[in-house]
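Encoded as structure tokens, the structure appears first; notes follow it.
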Amino acid sequence: YFPIQCSNRQRLLAWLMHQKRDVAAQHLRNCADLPGFSPFYRDCPQARKTADQVVLLPTYPRYPMSEVEKNIDAIRSYFAVEGDDATAQSGNEHQPSPARVGRRGTREE
């Protein structure tokens, strides 16, 4: 898998899955926040942030380049629709409509 980081992972994942893309959330944990590691606790805000924001893109040995390009197009279309708000909003807001974006991430009016 190829990891990418997005501040609104749940919203990006919902968008990509709606686009029928093969993606997954990374289930990393910030060990500093786990009870089993409490004797070693340190405040690790970057590890916490990363644990909440990583998305895995597939890189299977026979994963075709055409599918990689579709993933790229879908990610670009997400950010074309969401713009700068993609990093500032929580995952509970309105889900954007994929129909508003063309294949190459350009807005369709």
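What follows is calculated from the coordinates using simple rules that are stated; it is not laboratory data. What you are looking at is a predicted structure, and each value in this text was computed from that prediction instead of being measured. Here the Cβ positions follow ideal geometry from the backbone for every residue, glycine too, while neighbour counts run over all protein chains shown.
So here's what we get for this one:
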quantity: Label-reachable residues, the range 14-32, where backbone N falls under 12 Å from a point 7 Å from A51's Cα toward its Cβ; calculated: 27-32
quantity: Gain in span if fully extended, Y60 to H18, counting 0.36 nm per residue against the direct Cα distance; calculated: 13.0 nm
quantity: Separation of the E69 and Q10 label points, Cα + 7 Å toward Cβ, nm; calculated: 3.5
quantity: Shape of the range 6-88, Cα gyration tensor, a/c cut at 1.5; calculated: oblate
